[in-house]
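J.: Here's a structure for you.
Each reported figure results from applying straightforward, stated rules to the coordinates on display, with no laboratory input. If you're wondering where the values come from, they're calculated on a predicted model, not measured in any experiment. Positions of Cβ are backbone-derived with ideal geometry, glycine not excepted, and every protein chain shown enters the neighbour counts.
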Amino acid sequence: MNPSPPHGRRGSPPPRPDPPALAGRALGALHSLAKGLARARALDPSALPDRLELRVDLDLKRGPSFEGARGLLDQIAARIEWALRAAAALRSGRVYCFFCSSSDCAHAAPPDADSVFDGYEAPGRPRWTDLPTVFLDRRDPRVDTLYGRRHLVTLVEEGPALRSGLIEAFAADARVYEILGQVVAGFFEVPSGNGRREGSAATFQVVRTATGEGRSRLRLNAVSGGALFDERGASVDPSLGRILDIARRRLASLERELAGARRRGGTEPDPTPKALSILRAFARDLEHHERAGARRTGHGRERSDAGHRPTALAFPEAREAGVDRIFADERGETLVVLGKAGRAHVFTADGRHVTSVVLRGDEVARRIRTRRWKPASPEAIALFRTGIGRG
Ligand SMILES: [Zn+2]
């Protein structure tokens, strides 16, 4: 009987290097590290990016070092930090505030039922403006309809204009919550506390969030300060819910299209044009649904009496206004006359009435402060007064 081979008795010989197994163990350790860090930061695993690409720097002379380990750890931690911010940024019903790096701060939600998102203020805070003022600023003639609260009207706005208030300091953060476009709409009828129904404006934003390694998520975020959505974010109006579902399905399919393009070519095409066309279809659906609904119920007629109409006072107040109440808008195309109780009447330079609205709170002061409205020149006032019959 031959003696058995000697190994195993006194100290095994060094194991034969098995490169695939070694690489597998190294990879396994990195996986556990990433998952462990995410758990420690209470990051929902579904919010982790699909892939993490890491730079591994092997110092073959000195062997594994503390600095090398630290470098690897920092890379993974930074990615998890990013994923946490992106997950926190996308909170249904709220708009990300770059100033506070949060969607939980007071700036992230509309202050009242009439307010919609109107871009960012200089330090990166969301600006909220009442819906009629948004239409007024864009010289949209439907502002009268809106103020009478007779119909639901919508406006599609493109991302670059909405993001323009973000200063350079936030550029690195911009992909946390990137608004590709939005629809502002109002007024929806929602139940109010005392059994009546009242109007509520809403903002519907297509938001892109980068989840890491170039992958984009697209969401349709519905934001309203009124009682349009319940605490789970579901619409209290079933038709609005269905219209939202249609738009969200189209967005999900756009997201899959982007992922496919990325797999094939490595980069994503710009989804903005398609996102805007989804928003335009969404806006058309909303208006169409509302017209049909108003015909059925007659609510449209009832509401027309509810809103006050500042238009009737345009000429009387314009004729009485002193020179300190007459402003030129920043483009110099129209004059604005301030009446009483926040009324603002918009006229052409030669005194034809364009529209009138009621501005709330500090809207008038803000316009003057930001030089959107400037004191009208004596020549402009003279021409205007001739036009309205007070020469
Ligand atoms: Zn904030």
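J.: Out of the range 15-75, which trypsin sites (Lys or Arg not before Pro) are coil in DSSP terms and have no more than 12 other C-beta atoms within 10 Å?
T.: ARG41, ARG51, ARG55, LYS61, ARG62
J.: List the trypsin sites (Lys or Arg not before Pro) within the range 317-369 that fall in a DSSP loop (any state other than H, G, I, E or B) and whose Cβ has at most 13 other Cβ atoms within 10 Å.
T.: Here the sparse-neighbourhood loop sites are ARG331, LYS340, ARG352.
J.: As a footprinting exposure proxy, order HIS345, HIS31, HIS289 by other Cβ within 10 Å, with the fewest listed first.
T.: HIS31, HIS289, HIS345
J.: What GluC sites (Glu not before Pro) in the range 10-92 are in a loop by DSSP, with at most 16 other Cβ atoms within 10 Å of the Cβ?
T.: In loop regions of the range 10-92 (DSSP not H, G, I, E or B), the sparsely surrounded GluC sites (Glu not before Pro) are GLU53.
J.: Sort out for me the Cα centre separation of the range 311-343 from the range 19-79, rounded to whole Å.
T.: 64 Å
J.: How much length is gained if the chain between THR272 and LEU60 is pulled fully straight, taking 0.36 nm per residue apart and subtracting their Cα-Cα distance, in nm to one decimal?
T.: So the extension gain works out to 71.6 nm.
J.: Calculate the dipole size of the range 310-387 relative to its Cα centre from +1 charges on Lys and Arg beta carbons and -1 charges on Asp and Glu beta carbons; express the result in debye to the nearest 20.
T.: Details: 14 positive and 10 negative charges, 48 e Å.
The dipole of the range 310-387 has a size of about 220 debye.
J.: Given R₀ = 35 Å, FRET efficiency for GLU231-CYS100 by Cβ-Cβ distance, to 0.05? List each step's numbers first, then the result.
T.: Working: r = 23 Å, r/R0 = 0.66.
It comes to 0.95.
J.: Compute the length gained on full extension between ARG217 and HIS288: take 0.36 nm times their separation in residues and subtract their Cα-Cα distance, giving the result in nm to one decimal.
T.: Computed gain between ARG217 and HIS288 is 22.7 nm.
J.: Something else now. Using the beta-carbon distance between GLN75 and ALA365 and R0 = 56 Å, what value does 1/(1 + (r/R0)^6) give for FRET efficiency, to the nearest 0.05?
T.: After rounding to 0.05, the efficiency reads 0.70.
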